[in-house]
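Peer 1: Quick one: the structure is below, questions incoming.
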Amino acid sequence: MAGDKKKIKLIADHISFEYDKSGANRHKALDDVSFVVNEGEFVGLIGHTGSGKSTLMQQLNALLKPDKGTIYYDGLDIYEKGYDRKELRRRVGLVFQYPEHQLFEDTVFNEVCFGPKNFGMDKKQSELSAYAAIKKVGLPDECFYHSPFDLSGGQKRRVAIASVLAVKPEILIMDEPTAGLDPKGREELMEMILSLKESEGLSIVLVSHSMEDVAKLADRIVVMDKGHIVYDDEPKKVFAHYKELEEMGLAAPEMMYVMQELKAAGFNVRTDVTDIEEAKEEILRIVT
Amino acid sequence: MLRDITLGQYYQTESKLHELDPRTKLVGTFVYLISLFVFTNAYVYIFAASFLLLCVLISHIPPTYMIKGMKPIIFLLVFTMVLNMLVTPGEVILTLWKLTITKEGVKQALYMGARLTLLVMGSNMMTLTTTPTRLTNGLERLMAPLKLIKVPVHEIAMMMSIALRFIPILMDETDRIMKAQLARGADFESGNLIKKAKSLVPVLVPLFISAFRRANDLAMAMEARCYHGGKGRTQMKPLKYRPRDFVAYLILILYLAGIILIGRYL
């Protein structure tokens with residue numbers, strides 16, 4: 001938890017959005033969605049494919065404009081005349097799914113400098129912040145001047161994440177950052193993300209369809225289904241609705257099921273357990 | 001961003017026209033397009049337009065959707081019509097500064113406009129009611145006799161269907177890459193032409209890489225399924241003419257007869 005004095009960074013206020021408004025396959029991707037990101041908070045945004053989570057994500061840094069409703073950043077309406085939306089894109093860093101597919105430069109270092117240069121930093125500043133960003137994502141020194149295309153999948157992804165971090169965002173939004181990585185790469189990346197939150201005080205929004213990914217890390221979980229926000233609460237409270245989650249095609253963390261089974265079998269255990277450590281303690285508590 | 005292109009897009013619905021064999025529709029469209037060029041006569045165009053209208057009604061495609069498909073050629077249409085109006089010699093009806101509009105010019109412009117409109121709408125009718133796969137399938141079968149003179153018909157058809165299949169995929173990909181670069185502060189709008197062209201590098205490089213990756217994956221997948229070209233290849237749903245196709249051909253012949261009669265004697 002970010003403490004009691006939470007400061008609101010970003011507000012999405014009753015936004016609706018529709019794709020393909022005049023075409024044959026129009027559909028509402030977002031329907032009256034309200035959503036808040038606090039300073040230094042780790043939010044897990046969860047939903048099944050097509051639930052509108054990626055659409056919502058793109059609304060937050062003005063890549064898509066809502067049909068209805070508006071978005072406030074630091075108390076300012078981002079669609080007000082004269083608002084600098086490019087600066088907003090710097091402050092709200094967005095890492096798309098498979099971000100390694102956006103790489104294009106000849107060296108890793110130039111790749112990471114692309115963002116800072118675009119946002120008007122001079123050469124020296126860009127290089128310094130690129131250097132810091134590459135360090136932060138844990139890439140080894142020797143790959144600075146390698147072509148990004150020669151790196152492994154996991155490393156490419158780190159380069160892409162570094163290229164967003166280099167512009168010094170205040171909120172970092174990531175769409176399925178662990179998709180397609182092996183378990184080891186997954187774990188390393190999640191650790192890196194957590195360390196970013198702790199060392200930088202960054203607010204993080206992690207978009208995912210997997211509960212396991214976010215259960216441990218998130219301060220708050222937002223569940224989306226068919227363009228609506230269904231739950232917006234602390235992880236344990238959200239997981240208490242595990243039956244409803246299942247109906248939406250989402251699953252609660254595995255340990256919850258174990259505990260539910262135990263309870264059904266007559267053991268008096270808590271059922272709001274999310275990870276294996278907690279489960280161990282709880283089981284030990286009742287057997288001893 | 002790039003999603004407003006309807007030219008050559010399939011419109012999913014159920015109708016008699018959708019069910020027709022793609023070969024029937026290909027031949028029909030071909031005959032229709034030619035019929036527009038054989039006679040230059042107002043009655044012929046009225047007849048052709050009503051035939052098209054009938055097709056639209058049968059196809060269950062909303063007329064507004066048909067009109068939207070005209071958008072890409074609106075500039076060409078206006079340009080041709082204005083040019084025809086100005087350069088055709090004949091009886092002068094209006095003089096503006098150095099430009100003269102003639103009676104023949106207006107007539108010519110109207111004919112050209114009607115011809116172009118019907119041409120594009122007619123071919124859109126076919127692509128709107130036929131999936132790209134069925135279309136290339138039909139084309140392959142129609143061109144089959146060319147195999148005798150060693151034309152690689154199957155390969156051409158396969159290349160066409162792959163190209164068609166990849167257009168929407170690459171368009172989505174472009175959209176996604178552009179957004180990702182926008183999020184990294186790229187600017188595609190401001191600056192002069194050279195700066196704008198340069199700003200496309202961060203889009204084009206990843207796009208090409210992704211196209212090559214996809215092509216590679218596809219080749220591998222085809223190889224894994226033992227694809228080796230058209231020889232001895234059978235189809236899951238072979239094209240077969242049904243009674244409704246013969247009815248369609250009959251209507252087509254009647255249409256052709258009508259056009260010739262009207263063109264000759266009116």
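Peer 1: Considering only residues that are closer than 13 Å to residue B:23 by Cβ, without any contact (Cβ under 8 Å) to a residue 12 or more places away in the chain and surrounded by fewer than 10 Cβ atoms within 10 Å (Cβ to Cβ), which ones fall in segment B:220-254?
Peer 2: Hit for segment B:220-254 is B:238, nothing else.
Peer 1: Which of the residues that make up segment A:13-59 are among the hydroxyl-bearing types (Ser, Thr, Tyr), out of contact with any Phe, Trp or Tyr (no Cβ under 7 Å at 6 or more places or on another chain) and within 14 Å of another protein chain (Cβ to nearest Cβ)?
Peer 2: Quick first cut of segment A:13-59, residues among the hydroxyl-bearing types (Ser, Thr, Tyr) only: A:16, A:19, A:22, A:34, A:49, A:51, A:54-55.
Of the ones still in play, those that are also out of contact with any Phe, Trp or Tyr (no Cβ under 7 Å at 6 or more places or on another chain) are A:16, A:19, A:22, A:34, A:49, A:51, A:54.
Across segment A:13-59, the qualifying residues are A:19, A:22, A:54.
Peer 1: Would you mind finding the one in B:100, B:40, B:80, B:64 that is among the hydroxyl-bearing types (Ser, Thr, Tyr) and under 24 Å from residue B:168 (Cβ atoms)?
Peer 2: Working: B:100 fails: under 24 Å from residue B:168 (Cβ atoms); B:40 fails: under 24 Å from residue B:168 (Cβ atoms); B:80 fails: under 24 Å from residue B:168 (Cβ atoms).
Exactly one of B:100, B:40, B:80, B:64 is among the hydroxyl-bearing types (Ser, Thr, Tyr) and under 24 Å from residue B:168 (Cβ atoms), namely B:64.
The rows are residues; the columns are (1) touching a residue at least 60 places away in the same chain (Cβ under 8 Å); (2) within 14 Å of another protein chain (Cβ to nearest Cβ); (3) more than 16 Å from residue B:182 (Cα to Cα).
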{"position": "A:106", "(1), (2), (3)": "no, yes, yes"}
{"position": "A:114", "(1), (2), (3)": "no, yes, no"}
{"position": "A:120", "(1), (2), (3)": "no, yes, no"}
{"position": "A:141", "(1), (2), (3)": "no, no, yes"}
{"position": "A:159", "(1), (2), (3)": "no, yes, yes"}
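Peer 1: Oh, and also: Kindly establish whether residue A:175 is open to solvent by 70 Å² or more (accessible area, probe 1.4 Å) and within 13 Å of chain B (Cβ to nearest Cβ). Break it down into steps so the answer makes sense when it comes.
Peer 2: Values: open to solvent by 70 Å² or more (accessible area, probe 1.4 Å): no; within 13 Å of chain B (Cβ to nearest Cβ): yes.
No, not satisfied.
Peer 1: Just a yes or no: is a residue in segment A:191-205 surrounded by 15 or more Cβ atoms within 10 Å (Cβ to Cβ), assigned to a strand (DSSP E or B), of a type outside the set (Asp, Glu) and over 15 Å from the mean Cα position of the chain (by Cα)?
Peer 2: Step one: filter segment A:191-205 for residues surrounded by 15 or more Cβ atoms within 10 Å (Cβ to Cβ), giving A:192-193, A:196-197, A:200, A:202-205.
After this cut, where a residue has to be assigned to a strand (DSSP E or B) as well, the list is A:203-205.
Okay, now just the ones that are also of a type outside the set (Asp, Glu), so A:203-205.
Retained after the next criterion (residues that are over 15 Å from the mean Cα position of the chain (by Cα)): none.
No, the conditions are met nowhere in segment A:191-205.
Peer 1: Can you tell me which of B:53, B:96 is within 26 Å of residue B:16 (Cα to Cα) and either of a type in the set (D, E, K, R) or assigned by TED's automatic domain parsing to the domain that holds residue B:257 (or both)?
Peer 2: Working: B:96 fails: within 26 Å of residue B:16 (Cα to Cα).
Matching residue, one of B:53, B:96: B:53.
Peer 1: Sort through B:89, B:62 and tell me the only one that's open to solvent by 40 Å² or more (accessible area, probe 1.4 Å) and at pLDDT below 85.
Peer 2: Values: B:62 fails: at pLDDT below 85.
Answer to the check: B:89.
Peer 1: Now for a different question. Pairs only if they're at least six apart or on different chains, beta carbon under 6 angstrom, first in segment A:60-73 and within 21 Å of residue A:206 (Cα to Cα) and modelled with pLDDT of 90 or more, second of a type in the set (Val, Ile, Thr) and open to solvent by 10 Å² or more (accessible area, probe 1.4 Å); list them, first residue then second.
Peer 2: Sorted first by the residue in segment A:60-73, then by its partner, the pairs are A:72/A:11.
Peer 1: Given the conditions (1) closer than 28 Å to residue B:69 by Cβ; (2) over 12 Å from the mean Cα position of the chain (by Cα), which single one is not true for residue B:87?
Peer 2: (1)
Peer 1: Quick one: count up the residues across segment B:153-188 that are within 14 Å of chain A (Cβ to nearest Cβ) and either open to solvent by less than 60 Å² (accessible area, probe 1.4 Å) or in contact with a Lys or Arg (Cβ under 8 Å, 6 or more places away or on another chain) (or both). Full working, then the answer.
Peer 2: To start, the set of residues in segment B:153-188 that are within 14 Å of chain A (Cβ to nearest Cβ) comprises B:168-188.
Subsequent filtering for residues that are either open to solvent by less than 60 Å² (accessible area, probe 1.4 Å) or in contact with a Lys or Arg (Cβ under 8 Å, 6 or more places away or on another chain) (or both) retains B:169-171, B:173-175, B:177-188.
Total satisfying the criteria: 18.
Peer 1: Restricting to segment B:10-39, give me the number of residues that are assigned to a helix (DSSP H, G or I), open to solvent by 70 Å² or more (accessible area, probe 1.4 Å) and over 21 Å from residue B:113 (Cβ atoms).
Peer 2: Narrowing segment B:10-39 to residues assigned to a helix (DSSP H, G or I): B:16-19, B:22-38.
Checking which are open to solvent by 70 Å² or more (accessible area, probe 1.4 Å) leaves us with B:16, B:19, B:30, B:34, B:37-38.
Checking the rest, the ones that are also over 21 Å from residue B:113 (Cβ atoms) come to B:16, B:19, B:30.
Residues meeting the conditions: 3.
Peer 1: Using the structure shown, decide if residue B:77 is touching a Cys at 6+ places or on another chain (Cβ under 9 Å) and either within 30 Å of residue B:137 (Cβ to Cβ) or aliphatic (A, V, I, L, M) (or both).
Peer 2: Values: touching a Cys at 6+ places or on another chain (Cβ under 9 Å): no; either within 30 Å of residue B:137 (Cβ to Cβ) or aliphatic (A, V, I, L, M) (or both): yes.
The answer is no for residue B:77.
Peer 1: Residue A:62 fails exactly one of the following numbered conditions: (1) over 17 Å from residue A:173 (Cα atoms); (2) assigned to a loop (DSSP other than H, G, I, E, B); (3) within 14 Å of another protein chain (Cβ to nearest Cβ); (4) open to solvent by less than 20 Å² (accessible area, probe 1.4 Å). What is the number of that condition?
Peer 2: (1)
Peer 1: When you go through A:232, A:213, A:272 one by one, which is the residue that is touching a residue at least 40 places away in the same chain (Cβ under 8 Å), charged (D, E, K, R) and not in a helix (DSSP H, G or I)?
Peer 2: Numbers: A:213 fails: not in a helix (DSSP H, G or I); A:272 fails: touching a residue at least 40 places away in the same chain (Cβ under 8 Å).
Going through A:232, A:213, A:272 in turn, the sole match is A:232.
Peer 1: Which of the residues belonging to segment B:180-219 are touching a residue at least 40 places away in the same chain (Cβ under 8 Å) and either under 23 Å from residue A:120 (Cα atoms) or of a type in the set (A, V, I, L, M, F, W, C) (or both)?
Peer 2: Within segment B:180-219, B:211, B:218 qualify.
Peer 1: Filter segment A:216-225 for residues that are in contact with an Asp or Glu (Cβ under 8 Å, 6 or more places away or on another chain) and assigned to a loop (DSSP other than H, G, I, E, B); which is least open to solvent (accessible area, probe 1.4 Å)?
Peer 2: A:219
Peer 1: Of everything in segment B:40-87, what is under 22 Å from residue B:128 (Cα atoms) and not in a helix (DSSP H, G or I)? Give them in sequence order.
Peer 2: Result: B:60, B:61, B:62, B:69, B:70.
Peer 1: Moving to a separate point now. For segment B:7-38, how many residues meet the condition of being farther than 27 Å from residue B:262 by Cα and free of Cβ contacts under 8 Å to residues at least 24 places away in the same chain?
Peer 2: Within segment B:7-38, residues that are farther than 27 Å from residue B:262 by Cα and free of Cβ contacts under 8 Å to residues at least 24 places away in the same chain number 1.
Peer 1: How about segment B:132-210: which helices (runs of 4 or more DSSP H) wholly inside it have at least 2 residues that are polar (S, T, N, Q)? Reasoning before the result, please.
Peer 2: Values: elements: B:132-142, B:153-183, B:193-199.
The helices (runs of 4 or more DSSP H) meeting that bar are B:132-142, B:153-183.
Peer 1: Counting only residues that are open to solvent by less than 40 Å² (accessible area, probe 1.4 Å) and touching a Ser or Thr at 6+ places or on another chain (Cβ under 8 Å), how many does segment A:226-247 have?
Peer 2: Residues flagged as open to solvent by less than 40 Å² (accessible area, probe 1.4 Å) and touching a Ser or Thr at 6+ places or on another chain (Cβ under 8 Å) within segment A:226-247 amount to 3.
Peer 1: What's the total number of residues in segment B:106-126 that are of a type in the set (S, T, N, Q) and either at pLDDT 90 or above or open to solvent by less than 30 Å² (accessible area, probe 1.4 Å) (or both)? Working first, answer last.
Peer 2: To start, the set of residues in segment B:106-126 that are of a type in the set (S, T, N, Q) comprises B:108, B:117, B:123-124.
Add one more test, that the residue is either at pLDDT 90 or above or open to solvent by less than 30 Å² (accessible area, probe 1.4 Å) (or both), and what stays is B:117, B:124.
Qualifying residue count, segment B:106-126: 2.
Peer 1: Looking for whichever is among the charged types (D, E, K, R) and in contact (Cβ under 8 Å) with a residue 40 or more places away in the chain here; the options are A:32, A:77, A:84. Which one fits?
Peer 2: Details: A:77 fails: in contact (Cβ under 8 Å) with a residue 40 or more places away in the chain; A:84 fails: in contact (Cβ under 8 Å) with a residue 40 or more places away in the chain.
Just one listed residue meets the conditions, A:32.
Peer 1: Considering only segment A:142-172, how many residues are touching an Asp or Glu at 6+ places or on another chain (Cβ under 7 Å) and surrounded by 15 or more Cβ atoms within 10 Å (Cβ to Cβ)?
Peer 2: 6
The values are calculated or read from the model by the stated rules, or taken from the named source; none is laboratory data. Note that the structure is predicted; figures quoted are calculated from it, not measured. Using ideal geometry, Cβ is built from the backbone for each residue, glycine included, and neighbour counts are taken over all protein chains shown. With ligands, DNA and RNA removed, areas are computed over all heavy atoms of the protein, side chains included. Shrake-Rupley method; radii C 1.70, N 1.55, O 1.52, S 1.80 Å.
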